[in-house]
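Heads up, the thing below is written out as structure tokens.
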Amino acid sequence: SSVLAEAAAEAGGGGGAQLEADNSELRDAAVRGVLVAVVQALERILLDGGPRRVFVPGDAPSLLEDVQLLREFFVARDAEGTVHGLAEEEVDLVSERLLGIVRLMHLPTGELTARFVDEAERLPDTDERDPFTRANLGRVVLHRAAADPAAKAFVASHRAWLQRVLQRQDAKPESVRERCYSGNMLLQRSG
């Protein structure tokens, strides 16, 4: 980078500052891409991890800690608190749905199943931004069925309903990148 900056300074005088700004933008774009990929992968693991992946409410504190560590990593503050990574608001925006999913996982099975049934008319099946949907409630319950008798009983008695909700979810694939960066949502949110 310093060789390029020196070459640019020799060629046009003062080009080094522009090159440094371009490098910073390129670095931020690469880090942003990694953040989006990691968040999307974690959401997929938590909600679509397959029948062998089991989560119970007791896992939520560890998962919450992991999400916080992820957020801190991408903000990258130094000892004085200066941010050297992405802006904290951007990291929060990208990871807020993941955080909401972890909070859903903290709820007791009885509350998840009651909301799935009782709030069926009010809750959307899916939502790009809000983690509190019937599809996500159902997916969290499904990940408990192997370890929780109440979840297993709910899945057995509501299998067709769960399948319909989850099929609608599958028909609307979403990506973290689209959710957070389409239409400059980050700019709209901070403006």
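The values are calculated or read from the model by the stated rules, or taken from the named source; none is laboratory data. Because the structure is a prediction, the values reported are computed rather than measured. Cβ coordinates were reconstructed from backbone atoms using ideal geometry, including for glycine residues, and neighbour counts include every protein chain displayed. SASA here: full protein model, heavy atoms, side chains in, ligands and nucleic acids out. Shrake-Rupley method; radii C 1.70, N 1.55, O 1.52, S 1.80 Å.
Run the paramagnetic zone check for ARG103: 7 angstrom along Cα to Cβ, then residues of region 32-48 with backbone nitrogen under 14 Å.
Of the residues in region 32-48, none has backbone N under 14 Å from the label point off ARG103.
Counting Lys +1, Arg +1, Asp -1, Glu -1, what net charge surrounds ALA146 among other residues with beta carbon under 10 Å of its beta carbon? List each step's numbers first, then the result.
On the way: positive: ARG52, ARG53, ARG144, LYS152; negative: ASP148.
Once positives and negatives cancel, what remains is +3.
What percent does the relative contact order of region 108-158 come to when contacts are Cα pairs within less than 8 Å and at least six residues apart?
Details: 41 pairs, mean separation 16.8, N = 51.
Dividing the mean separation by the residue count of region 108-158 yields 33 percent.
Taking a 1.4 Å probe, which of GLU43, GLU89 shows the most accessible area, and what order do the others take after it?
Values: GLU43 15, GLU89 120 Å².
Largest to smallest exposure gives the sequence GLU89, GLU43.
Could you compute the FRET efficiency for ALA146 and GLU25, with r as their C-beta to C-beta distance and R0 at 35 Å, rounded to 0.05?
Values: r = 46 Å, r/R0 = 1.33.
Approximately 0.15, to the nearest 0.05.
Residues of region 108-124 with amide nitrogen under 20 Å from the 7 Å Cα-to-Cβ point of VAL54?
It comes to 108-113, nothing else.
Going from most exposed to least, what order do HIS84, HIS158 have by accessible area with a 1.4 Å probe? It would help to have the intermediate numbers written out before the result.
Working: HIS84 100, HIS158 50 Å².
From most exposed to least exposed: HIS84, HIS158.
When the scattering of region 95-143 is computed by the Debye formula from its Cα atoms alone, each counted once and equally, what is log10 I(q)/I(0) at q = 0.15 Å⁻¹?
So the normalised log intensities work out to -0.33.
ALA37 to ALA156: extension gain in nm, 0.36 nm per residue of separation minus the Cα-Cα distance?
Details: separation 119, 0.36 × 119 = 42.84 nm, distance 3.38 nm.
The span from ALA37 to ALA156 would gain 39.5 nm if fully extended.
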